[in-house]
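Notes follow the structure.
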Amino acid sequence: KDLIDYLAAKRELAGSLVRAVEAGALPLRVTHNDTKCNNVLFDGTTGEPLAVIDLDTIMPGLMAYDFGDAVRFAASTAAEDEPDTSKVALDINKFKAFTEGFVGTLGDTMTDAELDSLSVGAFAITIELASRFLDDYLTGDRYFAVKRPGHNYDRAACQIALARDMERKLDEMKA
């Protein structure tokens with residue numbers, strides 16, 4: 001109930017980017033929609049990136065969601081299924097480093113509205129994934145593979161803990 005209550009309470013903020021698209025304030029882009037480090041192949045010797053994989057998820061989307069999913073995965077202090085939510089937080093230093101690289105590479109192609117949307121994108125995609133994990137848990141673990149009883153519940157709780165920390169840090173993230 002606590003997880004559902006939190007998700008319901010954050011509906012407006014988490015849905016703000018969808019409303020911005022509908023209002024014409026944010027453009028749709030070609031996006032990957034699963035931007036995690038484990039969807040990049042790296043050279044085993046040099047560590048250099050070789051290719052982006054899992055291309056079946058490419059479709060129109062928001063730059064903020066691709067940014068946010070990468071941040072959710074890379075700047076969390078814990079694995080996305082950590083059962084001890086006291087270990088879960090946004091590492092603001094990793095967030096800043098990722099943001100500098102992302103904006104430094106793509107900044108010239110981004111609108112001001114897209115730049116302003118990045119932090120909320122990280123929060124929104126974390127909320128979306130939490131709701132997907134919780135839905136899967138409540139409907140019998142039919143979508144996400146599970147390794148233990150309650151695995152999708154742990155994933156949902158972990159992502160909500162991360163979203164709560166992101167929410168506390170939104171002003172710092174935006175800066």
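The values are calculated or read from the model by the stated rules, or taken from the named source; none is laboratory data. Keep in mind the model is a prediction, meaning the values are calculated, not measured. All Cβ positions, even for glycine, are placed from backbone atoms using ideal geometry, and neighbour counts span all protein chains on display. Note: accessible area is taken over every heavy atom of the protein model, side chains too, but ligands, DNA and RNA are not part of it. Shrake-Rupley method; radii C 1.70, N 1.55, O 1.52, S 1.80 Å.
Only residues that are farther than 22 Å from Arg164 by Cα and more than 20 Å from the chain's Cα centre (by Cα): list them for the range 1-40, please.
Glu22, Ala23, Gly24, Ala25
Go through the range 120-150 residue by residue and tally those that are part of a helix (DSSP H, G or I) and either surrounded by fewer than 18 Cβ atoms within 10 Å (Cβ to Cβ) or β-branched (Val, Ile, Thr) (or both).
Residues in the range 120-150 being part of a helix (DSSP H, G or I) and either surrounded by fewer than 18 Cβ atoms within 10 Å (Cβ to Cβ) or β-branched (Val, Ile, Thr) (or both): 7 in total.
Within the set of pairs 6 or more residues apart or between chains, which connect a residue that is under 19 Å from Lys1 (Cβ atoms) inside the range 131-151 to a residue that is open to solvent by 50 Å² or more (accessible area, probe 1.4 Å) with Cβ atoms less than 6 Å apart?
These pairs meet every condition: Asp136/Tyr143; Tyr137/Tyr153.
Residues of the range 72-97 being modelled with pLDDT of 95 or more and either within 28 Å of Leu28 (Cα to Cα) or among the β-branched types (Val, Ile, Thr) (or both), which ones?
Answer for the range 72-97, where residues must be modelled with pLDDT of 95 or more and either within 28 Å of Leu28 (Cα to Cα) or among the β-branched types (Val, Ile, Thr) (or both): Ala75, Ser76, Thr77, Thr85, Val88, Leu90, Ile92, Lys94, Phe95, Lys96, Ala97.
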